[in-house]
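Some notes on the structure that comes next.
The values are calculated or read from the model by the stated rules, or taken from the named source; none is laboratory data. Everything quoted here is computed from the prediction, not taken from an experiment. Every residue, glycine as well, gets a Cβ built from its backbone with ideal geometry; the counts of neighbours run over all protein chains shown. These area figures cover heavy atoms from the full protein model, side chains too; ligands, DNA and RNA do not enter into them. Shrake-Rupley method; radii C 1.70, N 1.55, O 1.52, S 1.80 Å.
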Amino acid sequence: MRDLTLLAQLTDTHVTDPATTEVLYADHNARLAAAVASINAESPRVDAVIATGDLAQWGAPREYEELADLLAPLSAPVLPLPGNHDEGKLLRVCFPKHPWADAEHSSWVANVGTVRIVGLDSTRAGESGAELDAERLGWLDAALGADHTGPTILAMHHPPFTSGIGWMDEGGFIGLDAFIEVISAHRIDRILCGHLHRPMTAIVGGHLAEVGPSTAVHVALDLATDAPPRVILDPIGYRLLAISPDDAEHADWAIVGHTRYVDTGRLAFEPDWSD
């Protein structure tokens, strides 16, 4: 019996209409295709792919058609969330068999083996920032409070912390204090986020929150208070979470996070340390 559960996180893919005339600084679609091929080559195999938002560039119907085509080769199921660039209704159409919540927000709960994944829609209509209203916080509290004996992963697009990159933090997070109050009352083994286009971590409400790398362009790391918006063509990648029982009775779980970089220019090789 396979005890290991391997989850991949794709985020901020920003898939475009192939006919776009928009000025882009990288081929978003080709970069996503490279990440998909890399995920399929993982050994052991990936059990599910969590896609944490901004999956389309502008939330247009043709972009979701392209997104579906680009993700179709994946050998693992995709668990999608909307980001501020997405159109929630079109995302639901793109993934009609996904267990969407019976609500206006596009949240969901999915089980992958012994792992419970709670997907929380953190989007604010027409805005780049996050918002969690009473309805979504109530839904989250109930989802996290439901009986479950394995680990719980919370996935959301917007990170529930301030990054220090001023222009990315400007959108704000409405309802953040209430969110922290809710999650502080529950066991959550990891929080997976996107939006910031570069890897980072923080402790929120006693839980480790991680931001995955984008498969499009990255946000430049500049913590100066007056830093202008800048992007950088860092290597693309995705996160991997390796989840396995930490003891024979499965009373606790070991969760190890990795970052897989794609198209870095060198393949892995065995060094000669004989000298």
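Values as computed for the structure displayed
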{"quantity": "Dimensions in Å of the stretch 170-275 - Rg and Dmax from alpha carbons", "calculated": "18.2, 59"}
{"quantity": "Computed accessible area, VAL231, all protein chains, 1.4 angstrom probe, square angstrom", "calculated": "80"}
{"quantity": "Ranking by accessible area, most exposed first, for GLU135, GLU63, GLU22, GLU170 with a 1.4 Å probe", "calculated": "GLU170, GLU135, GLU22, GLU63"}
{"quantity": "Cα-based convex hull volume of the stretch 65-223 per residue, rounded to whole Å³", "calculated": "120"}
{"quantity": "Net charge of Cβ neighbours under 15 Å - reference VAL217; Lys, Arg +1; Asp, Glu -1", "calculated": "-4"}
{"quantity": "Between the stretch 79-108 and the stretch 113-169, the alpha-carbon center distance in angstrom", "calculated": "14"}
{"quantity": "Accessible surface of the chain, 1.4 Å probe, proportion on carbon and sulfur as whole %", "calculated": "52"}
{"quantity": "Per residue accessible area of the chain, 1.4 Å probe, in Å²", "calculated": "48"}
{"quantity": "DSSP-defined antiparallel bridges as percent of all bridges, the chain, nearest 5", "calculated": "55"}
{"quantity": "Inter-label distance for ALA68 and ARG266, nm, one decimal - labels placed 7 Å from Cα along Cα-to-Cβ", "calculated": "4.2"}
{"quantity": "Exposed chymotrypsin sites (Phe, Trp or Tyr not before Pro) absent: longest stretch of the chain, with sites in DSSP loops and at most 15 other Cβ within 10 Å deemed exposed", "calculated": "59-268"}
{"quantity": "Whole-angstrom gap from the stretch 33-48 to the stretch 201-275, using each part's C-alpha centre", "calculated": "16"}
{"quantity": "For GLY83, net neighbour charge (Lys/Arg +1, Asp/Glu -1) across residues whose Cβ lies under 10 Å away", "calculated": "-4"}
{"quantity": "Model label zone, ASP27; criterion: amide N under 17 Å from point 7 Å along Cα-to-beta-carbon; scope the stretch 193-224", "calculated": "215-217"}
{"quantity": "The stretch 1-89: C-alpha pair distances exceeding 20 Å, %", "calculated": "33"}
{"quantity": "Shape box of the stretch 101-153 [Cα atoms, principal axes, largest first, Å]", "calculated": "37, 18, 17"}
{"quantity": "Length released on extending from THR201 to THR114, taking residue separation times 0.36 nm less the Cα-Cα span", "calculated": "28.8 nm"}
